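The values are calculated or read from the model by the stated rules, or taken from the named source; none is laboratory data. In this text the structure is predicted, and so the values were computed from the model without any measurement. Cβ sites come from the backbone with ideal geometry, for glycine too, and all protein chains shown count toward neighbours.
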Amino acid sequence: MIGLLRGKILSRKNNEVILDVNGVGYHLFVSKKALENSASNEGENIFYTYLDVKENSLQLFGFADEKEKEIFKLLISVNGIGPKLAHTILANAGFEDIVNLIAGNNRFAFKIPGLGSKKLEVVTMTLKDKIFKLEHTESDTINGGEIGVEKENSRYEALSALLNLGYSRNDAEKIIREVLKENQNTNLNTEELIRKSLEYITNTK
């Protein structure tokens, strides 16, 4: 399995590049962010890659980082979303855009070819919880923290508590995101996270 490639870009066309790796040219279908990152780099570029193996073809997809690669793998796990459509999504939207799209926010802020309302609904239903976990995993990694099982469970238990109190999933996720952002240097347990979420709700009314 080819997981990463480092080399110089020989050509760019739309969201595809030819990458020269020690004299071998690899054809990559790349994400929007990966293409933008490489646009001003005349030296070596690094692409995290996913190799799609089919009976009659091999296709390489390139990403700017592991986060994009993970969201690509989540997308292709959805019934009816193949690698080409997953690539089209990433070629037209960044990570935050996709998170908002799956969460049900800004659903019509941009159009993605091939992603109609029915497929979008399936994506949302399938990935809502998974993308919520991935988003926070990346956020905590950036902040230099390691996500423990206890911390992750606290998030989901707090989310469940807010849902049981009658809040919509979108609102509950937003509240928890804001609380975690305000307390990013504190390891909140479930009780503390729920209490601070309720305090946040009270203070923002």
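Pick from segment 1-10 the residues that are out of contact with any helix residue (DSSP H, G or I) (no Cβ under 7 Å at 6 or more places or on another chain) and free of Cβ contacts under 8 Å to residues at least 40 places away in the same chain: which of them is surrounded by the fewest Cβ atoms within 10 Å (Cβ to Cβ)? Give the derivation first.
Filtering segment 1-10 down to residues out of contact with any helix residue (DSSP H, G or I) (no Cβ under 7 Å at 6 or more places or on another chain) leaves 1-8, 10.
From what's left, free of Cβ contacts under 8 Å to residues at least 40 places away in the same chain: 7-8, 10.
Numbers: Gly7: 21, Lys8: 14, Leu10: 11.
Across segment 1-10, the extreme among qualifying residues is Leu10.
Summed over segment 174-198, residues that are closer than 25 Å to Ile102 by Cα and of a type in the set (Asp, Glu) total 2.
Taken as a whole, the structure places Leu90 among residues that are closer than 16 Å to Leu115 by Cβ and either out of contact with any Gly (no Cβ under 8 Å at 6 or more places or on another chain) or hydroxyl-bearing (Ser, Thr, Tyr) (or both).
As a summary of the residue check, Leu60 satisfies the conditions (1) among the aliphatic types (A, V, I, L, M); (2) under 24 Å from Ile98 (Cβ atoms); (3) out of contact with any strand residue (DSSP E or B) (no Cβ under 7 Å at 6 or more places or on another chain) except for the one numbered (3).
Do we have any residue at all in segment 12-31 that's modelled with pLDDT under 90, within 25 Å of the chain's Cα centre (by Cα) and over 17 Å from Asn92 (Cβ atoms)? Checked segment 12-31: no residue is modelled with pLDDT under 90, within 25 Å of the chain's Cα centre (by Cα) and over 17 Å from Asn92 (Cβ atoms). If you go through segment 76-84 one residue at a time, do you hit one that is closer than 15 Å to Arg12 by Cβ and either hydroxyl-bearing (Ser, Thr, Tyr) or in contact with a strand residue (DSSP E or B) (Cβ under 7 Å, 6 or more places away or on another chain) (or both)? No, every residue in segment 76-84 fails to be closer than 15 Å to Arg12 by Cβ and either hydroxyl-bearing (Ser, Thr, Tyr) or in contact with a strand residue (DSSP E or B) (Cβ under 7 Å, 6 or more places away or on another chain) (or both).
Report yes if Glu70 is loosely packed, with under 15 Cβ neighbours inside 10 Å and either modelled with pLDDT of 70 or more or not assigned by TED's automatic domain parsing to the domain that holds Asn183 (or both), otherwise no. Steps first, answer last, please.
On the way: loosely packed, with under 15 Cβ neighbours inside 10 Å: no; either modelled with pLDDT of 70 or more or not assigned by TED's automatic domain parsing to the domain that holds Asn183 (or both): yes.
Considered against the rule, which asks whether it is loosely packed, with under 15 Cβ neighbours inside 10 Å and either modelled with pLDDT of 70 or more or not assigned by TED's automatic domain parsing to the domain that holds Asn183 (or both), Glu70 comes out as no.
Of the strands (runs of 3 or more DSSP E) entirely within segment 11-115, those holding at least 1 residues that are within 29 Å of Asp129 (Cα to Cα), in contact (Cβ under 8 Å) with a residue 12 or more places away in the chain and charged (D, E, K, R) occupy 45-54. Filtered by the rule that a residue be at pLDDT below 80 and either farther than 24 Å from Leu180 by Cβ or charged (D, E, K, R) (or both), segment 86-108 gives Glu96, Asp97, Arg107, Phe108. Across segment 32-59, the qualifying residues are those that are under 25 Å from Gly82 (Cα atoms) and surrounded by fewer than 15 Cβ atoms within 10 Å (Cβ to Cβ), and the one among them that is modelled with the lowest pLDDT is Glu55.
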